Amino acid sequence: SGRTFLTADVLGSLRKVDQDLLISYGGHPEACGVKLLESNIPAFRAAMQKVTPKVDMPEELLYDFDIEADAAEAFATEQQEYAPFGAGNPKPLVRMKLHVVKVFFMGDAKQHVKFLTKEGISVLQFDGAKALKGKKLEWIKTVDAVGTLGFNTYMGKTTLQLEAKSFV
């Protein structure tokens, strides 16, 4: 299967490749499904790269996925199959909207902020305390955060944690 980004037409690109490479295909401009012999994958990949127009990517992509709380554990587990993460293979950025139960500060200077949520997923932002300066913490009922989702083990207990890059 394939998905496209911005203005690229993945179905249009499929129509331009040698049809003898494909058993079947379908979809729409933003997404497709293909069936082909494994032996045709290298030729198919080369043909798609040749016929797909180059797209100017924005300098900053805010996030890769919207994740609902009930799908978070499965997502975090599945993404471990793509490790190790780092340069050239960054962990996907996800957006989550969660219901805040408690907010507290961490670190020597209380510079980090952590949200505990009704959904059981903690949200941690290093150096995030400054974003809450002057706000009444008891008024914070929800957090809409973008970051990387994973597992955090502390004192023998493993929980889901979103390491936020940004939150509101």
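The values are calculated or read from the model by the stated rules, or taken from the named source; none is laboratory data. Owing to the predicted nature of the structure, the values given are computational and were not obtained by experimental measurement. Counting neighbours? That spans all protein chains shown, and the Cβs are built from the backbone with ideal geometry, glycine included. Accessible surface areas use protein heavy atoms only, side chains included; no ligands, DNA or RNA. Shrake-Rupley method; radii C 1.70, N 1.55, O 1.52, S 1.80 Å.
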Mean Cα-pair separation over length for the chain, i.e. relative contact order, pairs under 8 Å, 6 or more apart, %: 16 percent
What is the sum of charges around LYS91, taking Lys and Arg as +1, Asp and Glu as -1, for the other residues whose C-beta is under 15 Å from the C-beta of LYS91? -2
With just the Cα atoms defining each centre, how far is segment 98-117 from segment 78-96? Give it in Å. 24 Å
Between LEU37 and GLU78, the FRET efficiency computed from the C-beta separation at R0 = 30 Å comes out, to the nearest 0.05, as 0.65
If I compute solvent accessible area with a 1.4 Å probe over the protein chains, what percent of it on the chain is carbon and sulfur? 54 percent
Taking a label point 7 Å from the Cα of SER1 along the Cα→Cβ vector, which residues of segment 31-53 have an amide N closer than 12 Å to it? 31-34
Enumerate by residue number the trypsin sites (Lys or Arg not before Pro) in segment 63-124 meeting two conditions: DSSP loop (anything except H, G, I, E, B), and at most 16 other Cβ atoms within 10 Å of the site's Cβ. LYS110, LYS118
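Which of the pairs LYS16/LYS91; LYS91/LYS135; LYS35/LYS91; LYS133/LYS165 have their Cα atoms more than 23 Å apart in this structure? Before the final figure, lay out each step's value.
Numbers: LYS16/LYS91 33 Å; LYS91/LYS135 31 Å; LYS35/LYS91 28 Å; LYS133/LYS165 17 Å.
Beyond 23 Å between Cα atoms: LYS16/LYS91; LYS91/LYS135; LYS35/LYS91.
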Using a Förster radius of 25 Å, what is the FRET efficiency between ASN89 and ARG45 based on their Cβ-Cβ separation? Nearest 0.05, please. 0.85
Can you give the net charge of the other residues whose Cβ lies under 13 Å from the Cβ of PHE151, counting K and R as +1 and D and E as -1? -1
Cα extents of the chain along the three principal axes, largest first (Å): 62, 34, 28
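Could you work out the longest stretch of the chain that avoids the GluC sites (Glu not before Pro) located in DSSP loops with at most 13 other Cβ atoms within 10 Å? Please list the in-between numbers first.
Details: sites that count: GLU59, GLU60, GLU68.
Maximal segment without exposed cleavage sites: 69-168.
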